[in-house]
Amino acid sequence: MVSRQYFLLFIFLVQICADAKTKQKPKQKIIPCDEIKSQLVTIPYGRVTALNFPASPKEVIPGEAGFDFKTIRSDLVIKALRPGAKTNLLVYLEGRRCSFHLASGAQGDEIILVRDPKEKTFEVKFHDK
């Protein structure tokens, strides 16, 4: 009888741990700002995706008219206008160009961080005790 109680307690604790893992914040997707190789970005049809840049985009030049774009501070918000839309996209930052290949699909990320791999700065977080 005691071993059955321990077994049920063990199952209960495993379930709590599994629930805690599924409730963790999802990792942010990070893609590099690349001038030569286009980075694939899937835009979920019926939703929007925000590309977050280190600085506000100066100019946004899409290839095809299958997407809608809006710049808000350092975000470029993209919406697919039709299923199956595909195009390339050039985003000009201060002294930098980023190249992307956009495709609308059923699944995609809502927020994508675009970072410059050549940038030498990094974020340091301080925690108060």
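Some observations on this one:
- Complete set of residues in the range 26-50 that are outside any loop (DSSP other than H, G, I, E, B) and either aliphatic (A, V, I, L, M) or closer than 16 Å to GLU110 by Cβ (or both): LYS29, ILE30, ILE31, LEU40, VAL41, THR42, ILE43, PRO44, VAL48, THR49, ALA50
- Any hit, the range 75-95, residues being among the hydroxyl-bearing types (Ser, Thr, Tyr), under 16 Å from the mean Cα position of the chain (by Cα) and at negative phi: no
- Selection within the range 51-69 - over 12 Å from VAL91 (Cα atoms) and in a strand (DSSP E or B): PHE67, ASP68
- Looking at the range 73-129, the strands (runs of 3 or more DSSP E) lying wholly inside it that each contain 1 or more residues that are farther than 12 Å from VAL41 by Cβ and at pLDDT below 95 sit at 86-93, 96-105, 111-115.
- CYS33 fulfils the conditions (1) modelled with pLDDT of 95 or more; (2) closer than 15 Å to LEU113 by Cβ; (3) crowded, with 16+ Cβ neighbours inside 10 Å except for a single criterion, (1).
- Test result for PRO62, surrounded by 14 or more Cβ atoms within 10 Å (Cβ to Cβ) and touching a residue at least 24 places away in the same chain (Cβ under 8 Å): yes
- Looking only at the range 36-54, and only at residues there that are out of contact with any Ser or Thr (no Cβ under 6 Å at 6 or more places or on another chain) and of a type in the set (Gly, Ala, Ser), the one that is surrounded by the most Cβ atoms within 10 Å (Cβ to Cβ): ALA50
The values are calculated or read from the model by the stated rules, or taken from the named source; none is laboratory data. Bear in mind the structure is a predicted one, so any value in this text is a computation, not a measurement. Every residue, glycine among them, receives a Cβ derived from its backbone with ideal geometry; neighbour counts consider all protein chains shown.
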